[in-house]
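Only one structure is covered here, and it is reproduced in the block below.
The values are calculated or read from the model by the stated rules, or taken from the named source; none is laboratory data. Model, not experiment: these values are computed from the prediction. Cβ atoms come from the backbone with ideal geometry, glycine included; neighbour counts cover every protein chain shown. Side chains included, ligands, DNA and RNA excluded: accessible areas come from the protein's heavy atoms. Shrake-Rupley method; radii C 1.70, N 1.55, O 1.52, S 1.80 Å.
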Amino acid sequence: SILKLLVAGEGATRTGVLVPIPQYPLYSAAIAELGAVQLNYYLDEERCWALDVAELRRALAEGRKHCAPKALCIINPGNPTGQVQSRECIEDVIKLAFEEKLFLLADEVYQDNIYAEGSAFHSFKKVLFEMGPPYSEVVELASFHSTSKGFMGECGFRGGYMEVVNMDPEVYQQLQKLVSVRLCPPVPGQILLDVVVDPPQPGDPSYERFMAEKQEVLSNLAHKARLTQEIFNRAPGIRCNPVQGAMYSFPRIELPPRACAAAKVL
């Protein structure tokens, strides 16, 4: 829905959308479906898939040669790379969006899945508002969350939401129209989403059980994350960065020279 609002123009004026590489294929598919231009920015594998603002500026400059970059997609924690962005990095991205007048798309569906020591989740909205004016009054942001990911993992319900900040009121009216013409999700999905955004609080009858089950799920996922990277890094020819968050590892596989030579012959 957000992309539909942003995509316009033809040729050199066509909307460009910056997406991280490696990326979650939903973005490239949606961009292609809408006829927008995908602008790749590459995460730094040597720095645990960190986002480099200098790389964003490179992608912007390259994109402006053939389209009009309007949106910047951030996936934090990363899918499929499993990194967690630092607060400093998020501030730098917000400053760039302010300078370049980019609409921020913050995919934060794995915000509960933080495993690595020293890593912490910082929402773009929180950082944006704590930075204060002029950023908090100008930068346009859409944050995304889902019942299908994170520790809930209720994939069959396909529930989720977006929160929009600093959108022009007249444009926001068009967004409401756009969403209203779609069919609503089934009632069980809506009920589940209500539970996700308003979980049991201290003193509620189900609070202790809820927290125990949540911690058990997250603890098991953290154990599997560590186990995955350890096993990968013990295997000859495979190197894997620490899995800081989300539910993915993205290992590098080094092909032996003879295998590469044989592939060239074929």
Carbon/sulfur fraction of accessible area - the chain, other protein chains in place, 1.4 Å, %: 56 percent
Gap separating the Cα centres of the stretch 74-115 and the stretch 200-249, nearest whole Å: 20 Å
Proximal aspartates and glutamates to residue 177, defined as alpha-carbon separation beneath 18 angstrom and excluding residues fewer than eight positions away on the same chain: 163, 168
Pairs beyond 25 Å (Cα-Cα), from 125/224; 125/149; 4/214; 101/149: 125/224; 4/214; 101/149
The stretch 2-197 shape via C-alpha gyration tensor axes, a/c threshold 1.5: rounded
Residues residue 253 and residue 42, FRET efficiency given R0 of 22 Å [Cβ-Cβ distance, rounded to 0.05]: 0.75
Residue-normalised accessible area of the stretch 2-197, expressed per residue, 1.4 Å probe, Å²: 49 Å²
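Longest span of the chain, sites excluded, free of GluC sites (Glu not before Pro) in DSSP loop with at most 16 other C-beta atoms within 10 Å?
Details: sites that count: 10, 117, 254.
The answer is 118-253.
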Coil-residue trypsin sites (Lys or Arg not before Pro) of the stretch 53-122, DSSP, other Cβ within 10 Å capped at 14: 64, 65, 101
Unit charges at the beta carbon, dipole of the stretch 2-197: most positive-side option, 80, 97, 175: 175
